[in-house]
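Structure record follows, encoded as structure tokens.
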Amino acid sequence: MTDAARPRRSALYMPASNLKAIEKARSLPCDVVILDLEDAVAPEAKDIARAQAVEAVKAGGFGGREVVIRVNGRDTPQGAADLEAAAAAGPDAILVPKVNDADDVRFYDAALKGDTRLWAMIETAKAAFHLWDIAQAAKTTRLSAWVMGVNDLAKEMRARQTPQREAFQPILSLAVVAARGNGLSILDGVHNDIEDLDALEVVCRQGVDFGFDGKTLIHPSHLKICNRAFSPTEGEIAWAHAVIAAFALPENAGKGAIRVDGKMAELLHLAQAQRLVAVAEAIAAAEAA
């Protein structure tokens with residue numbers, strides 16, 4: 001499976017200080033498990049969380065789920081120890097908070113080992129004005145994905161988090177543009193109201209419309225809605241297969257644009273269709289496992 005075709009519909013934060021939560025994550029229908037050492041962990045439990053996250057990665061048992069460790073930032077008392085321990089454990093990726101610029105990316109990248117990739121939180125006012133530079137660092141580092149941190153942005157901006165997230169729409173959109181322009185995956189921020197599933201539906205649809213690959217979550221009850229929202233629909237899959245089949249016809253060889261079911265399809269639509277089918281097949285395979 002190519003990285004572009006890997007489903008990342010749902011990325012669930014689990015406090016690494018909670019062994020029961022870690023064990024539960026091994027059976028939940030999420031695409032990504034984020035073992036959190038940062039926001040979800042109390043200061044007095046940071047060392048325990050680090051040790052348990054490392055042990056969980058080494059023990060495995062997460063099936064086809066990606067396993068990511070979110071460390072504390074480089075300017076915190078736990079940052080250096082977290083980064084060293086997480087890098088040695090070898091998760092699929094290490095998620096680093098409050099990346100402000102490309103220099104931060106290069107700092108974290110230098111600590112990684114093996115095949116572990118670097119994911120970065122976009123959650124500061126400064127990062128909002130360095131999006132392209134941060135994304136371009138992917139060309140020379142292990143950076144492969146961004147995660148939006150809307151809560152921290154709201155804190156810095158002193159902005160209200162309304163249902164349509166009006167205050168954050170510019171940075172959300174520009175972040176997707178910068179990520180896509182540099183080959184990065186990008187995940188939307190969390191939904192804070194655990195009980196309001198109707199609002200979760202709305203914000204998931206908004207995330208899909210913006211072009212996010214998926215969404216970070218703070219509670220397992222959000223998984224079903226999130227997975228459904230970020231999965232290709234039956235209609236989208238049927239259209240994608242039709243486009244692929246039409247371009248494969250001998251009479252369409254060499255054509256840059258053709259008609260498919262009454263709609264124009266260009267080569268760019270073919271590329272989109274091929275990726276969509278690959279994602280749909282990966283989701284089906286994961287659900288059947």
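A few notes on this one:
- Residue by residue, the stretch 151-159 carries 3J(HN,Hα) couplings of 4, 5, 4, 4, 5, 5, 7, 6, 9 Hz when phi is fed to the Karplus relation 6.51 cos²θ - 1.76 cosθ + 1.60 (θ = phi - 60°); x denotes Gly or Pro.
- Under the Karplus curve 6.51 cos²θ - 1.76 cosθ + 1.60, θ = phi - 60°, whole-Hz ³J(HN,Hα) for the stretch 120-133, x wherever Gly or Pro sits: 10, 7, 9, 8, 10, 4, 5, 4, 4, 9, 10, 4, 5, 5
- Working from Cα pairs under 8 Å separated by at least six residues, relative contact order for the stretch 173-263 is 24 percent.
- Accessible area of the chain divided out per residue, in Å², using a probe of 1.4 angstrom: 48
- The chain, relative contact order [Cα under 8 Å, separation at least 6], %: 16
- Over all other residues within a Cβ to Cβ distance under 12 Å of residue 266, the charged ones net out to +3, with Lys and Arg as +1 and Asp and Glu as -1.
- Stretching residue 110 away from residue 236 to a fully extended chain increases their span by 41.3 nm, per 0.36 nm per residue minus the current alpha-carbon distance.
- Long-range amide H partners of residue 95 with built H, under 5 Å: 69, 70, 71, 119
- Difference of contour (0.36 nm per residue) and Cα-Cα distance, residue 26 to residue 155: 43.2 nm
- HN-Hα J in Hz across the stretch 27-32 - Karplus 6.51, -1.76, 1.60, θ = phi - 60°, x for Gly and Pro: 10, 7, x, 9, 7, 9
- Computed label-point distance, nm, for sites residue 132 and residue 271 using a 7 Å Cα→Cβ extension: 1.9
- Projecting label points 7 angstrom from Cα along Cα→Cβ for residue 249 and residue 205 puts them 3.5 nm apart.
- If you take the Cα centroid of the stretch 15-51 and the Cα centroid of the stretch 62-137, the two points sit 17 Å apart.
- Computed on the stretch 100-143, with alpha-carbon pairs under 8 angstrom and 6+ residues apart, the relative contact order is 59 percent.
The values are calculated or read from the model by the stated rules, or taken from the named source; none is laboratory data. None of the values given here were measured: they were computed from a predicted structure. Glycine gets a Cβ as well: all are built from the backbone with ideal geometry, and neighbour counts include every protein chain shown. To get the accessible areas, we keep the full protein, side chains included, count just its heavy atoms, and leave off ligands, DNA and RNA. Shrake-Rupley method; radii C 1.70, N 1.55, O 1.52, S 1.80 Å.
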